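Data block below; observations after.
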Amino acid sequence: MKRFISFMLLCAGFWQTACLAWQERYDENTYDVEKVKVGDFYYNLSSTAKVAKVTSSEAHSYAGSVVIPESVESGGETYPVMYIGEGAFQGCTGLTEVYMSDGIRGVEQNAFRGCSSLTSVRISKGISFIHGAVFEGCQNLSSIKIPDLAAWCGVYITPTTGIAWRKVPSEFYKEASLCDGDGNVITELTIPEGVTTVCDNVFYGCQSLVSVKIPESVESIGWAAFSNCHNLEAVTFPERMEAIGEFLFYGCENLKEIKLPSDLKEIPEQVFYGCSSLLSVELPDNLESIGPAAFQGCSLTSIKIPPSLKSFGMIAFSGNLQKVIISDLAAWCSISSFEGSPLYGAHLFIGDEEVVDLTIPDGITKLPRYAFYGCKGLSYVDLNQVEIIGENAFSESDLRQVESSNCLREIGLGAFQGCNNLSTVKFSSSAITFYEAAFGFCQSLKDVYYDTHTLPEVSPQYAQNSLFLHSPIENATLHVPEDMVEKFRETAPWSGFGKITAQKVADNPSGILSAPMPQPTSSALYDLSGRRLEQKPAKGIYIKDGRVMMK
């Protein structure tokens with residue numbers, strides 16, 4: 001999915017660059033007639049394409065209310081007026097109103113820059129591109145009239161810096177209001193039925209918008225299309241839409257209501273970044289990925305994650321998140337990519353029940369990195385059939401006790417780093433490879449049980465010095481089989497434990513170890529092989545609170 005999205009963005013970037021390069025070549029090579037004055041305006045003319053472009057006056061003399069005509073005549077030829085050239089009206093401080101005829105196709109950069117008295121502009125119905133922030137310095141501009149909203153949705157607004165891809169332009173609207181052709185301010189925007197694409201930036205910075213309704217015909221919404229619409233409060237999407245652009249509602253701090261399309265597959269990067277009034281959102285059932293900082297700066301306190309989700313971007317949620325609700329623990333553990341866990345500072349719930357004692361479901365052999373990073377309230381984990389624990393999988397969580405079976409093979413970089421409440425760890429495997437700082441900064445570590453007759457591998461070599469980095473193992477006890485005590489005492493980093501003692505075999509035929517067992521907060525039950533039981537057996541022998549029980 002990421003590679004596909006990157007490919008599509010690259011294609012879009014090449015397409016936009018090609019379009020701009022074509023436009024630049026067109027402007028440079030075809031406007032071969034020197035500046036001429038016809039009527040009230042100066043023009044550059046193309047003798048080959050027979051088109052005209054409005055250009056600057058001799059002394060910034062354009063003033064008052066002006067109407068840019070459909071065409072001009074010069075030398076017996078008729079030239080359609082199709083473009084407003086770069087800086088054409090720049091510095092015309094006496095200009096108050098502009099009416100563009102519907103033949104205008106494009107407006108080049110700085111066209112109206114510094115027109116400090118300009119109050120109203122009527123945009124051409126035929127407009128197709130605008131180069132950058134053409135109204136810089138127009139502090140009195142209050143009305144931008146868009147007579148054809150359907151056409152406007154397809155206008156390509158280029159970045160201020162030219163062809164730089166993914167560079168947000170200065171706000172096109174500034175303090176102006178979006179108006180219809182009659183000058184009525186549009187606060188409740190309904191995209192016309194039949195529009196299939198809402199292009200990049202077309203409503204960027206529009207302060208008049210309070211609500212937006214998008215019809216079923218719209219298939220895609222471009223990058224930053226509604227970004228920094230500071231008064232926008234509500235948006236209605238079509239149900240069938242599968243994709244929306246990055247930064248779509250970036251900085252819309254009054255956005256309170258959002259109903260995402262049910263078919264949406266991806267929430268891209270920073271879509272709702274800075275939407276500080278957004279209190280809740282329902283993620284679609286088919287959602288597959290959440291991009292970096294997608295909800296950063298929002299006021300969400302809880303989020304329900306659909307089982308379809310496959311990847312999380314870095315800091316997808318802000319620090320306000322207190323509750324992450326999932327319906328399928330196996331699906332959560334199978335998420336392929338956690339760039340950062342949404343659980344940081346939040347509590348994990350399965351339905352209505354908080355996860356305190358966690359048993360990894362059967363069939364899960366690898367935990368992705370950051371899967372339970374920073375999870376609050378999590379006290380105990382039974383790794384069950386897990387073979388590989390990914391980087392920082394439980395780092396900075398509230399874990400107190402960890403138990404693994406003989407399936408465990410690898411503990412990744414910083415897997416339990418910063419678990420300040422972690423006091424007891426039990427390993428049953430003889431083939432675990434440890435990576436750097438796997439148990440670093442575990443300030444409460446007291447007992448580590450290692451039921452193995454083979455010294456574990458610490459890889460790479462320098463990880464020997466960092467496996468228990470800043471964890472007070474000099475005050476902790478390592479429990480190992482009697483025949484391994486001396487070998488552990490002679491081998492770093494195990495030799496750093498304050499005490500290394502032999503586990504003793506209990507007087508029972510099963511050979512269960514009688515050394516103190518890790519005690520989960522809920523007094524969990526175990527069978528004689530050390531496997532955690534979900535409920536008390538009707539008959540037989542089991543272990544509770546470190547004692548052998550019979551029923």
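For this structure, a couple of remarks:
- If R0 is 41 Å, the Cβ-Cβ spacing of Val67 and Ser220 corresponds to a FRET efficiency of close to 0.70.
- Residue-by-residue Karplus 3J(HN,Hα) for the stretch 309-317, coefficients 6.51, -1.76, 1.60, Hz, glycine and proline x: 5, 10, 8, 10, x, 4, 5, 4, 10
- Whole-Hz ³J(HN,Hα) from phi, Karplus 6.51 cos²θ - 1.76 cosθ + 1.60, for the stretch 140-153, glycine and proline x: 9, 5, 10, 9, 10, 8, 10, x, 9, 5, 4, 5, 4, 4
- Rg/Rh, computed from the Cα trace of the stretch 187-321 with Rh as the Kirkwood radius, has the value 0.93.
- Global geometry of the stretch 105-152, whether rounded, prolate or oblate, following the gyration tensor of its Cα atoms and the 1.5 cut on a/c: oblate
- Global geometry of the stretch 344-417, whether rounded, prolate or oblate, following the gyration tensor of its Cα atoms and the 1.5 cut on a/c: oblate
- Out-of-range pairs (alpha-carbon distance over 21 Å; input Lys256/Lys310; Lys366/Lys426; Lys259/Lys376; Lys304/Lys376; Lys256/Lys376): Lys256/Lys310; Lys259/Lys376; Lys256/Lys376
- Between Thr96 and Lys310, the contour length at 0.36 nm per residue exceeds the Cα-Cα span by 71.6 nm.
- Burial ordering of Ile389, Ile258, Ile221, fewest other beta-carbon atoms within 10 Å first: Ile258, Ile221, Ile389
- Mean projected area of the convex hull spanned by the Cα atoms of the stretch 99-247, taken over all viewing directions: 8.0 nm².
- Across the stretch 474-486, coupling constants 3J(HN,Hα) worked out from phi with the 6.51/-1.76/1.60 Karplus curve, θ = phi - 60°, read 5, 9, 10, 10, 9, 9, 9, x, 4, 6, 10, 4, 5 Hz, and Gly and Pro carry x.
- Against the compact-protein benchmark of 2.2 N^0.38 Å, the Cα-based radius of gyration of the stretch 377-422 scales to 1.06.
- Overall form of the stretch 291-340 per C-alpha gyration tensor (a/c, 1.5; a/b vs b/c): oblate
- Footprinting exposure proxy for Leu469, Leu343 (fewest neighbouring C-beta atoms within 10 Å first): Leu469, Leu343
- Were the residues from Thr187 through Glu490 laid out at 0.36 nm apart, the gain over their Cα-Cα distance would be 101.5 nm.
- Order of Ile411, Ile364 - criterion: other Cβ atoms within 10 Å of each residue's Cβ, fewest first: Ile364, Ile411
- Segment Thr236-Thr454, length gained on full extension (0.36 nm per residue, minus Cα span): 72.3 nm
- For Val458, residues with placed amide H under 5 Å, excluding near neighbours: Phe434
- For Thr236, net neighbour charge (Lys/Arg +1, Asp/Glu -1) across residues whose Cβ lies under 14 Å away: -3
- Under-5 Å amide H pairs with Tyr156, H placed in peptide plane, nonlocal only: Phe129, Ile130
- Spin-label pair Glu58/Ser302, simplified geometry with 7 Å Cα→Cβ offset, distance in nm: 7.4 nm
The numbers here are math on the coordinates, done by the rules we state, and not lab data. Being a predicted model, the structure only gives us computed values, none of them experimental. Here Cβ is always computed from backbone atoms with ideal geometry, including for glycine, and neighbour counts include all displayed protein chains.
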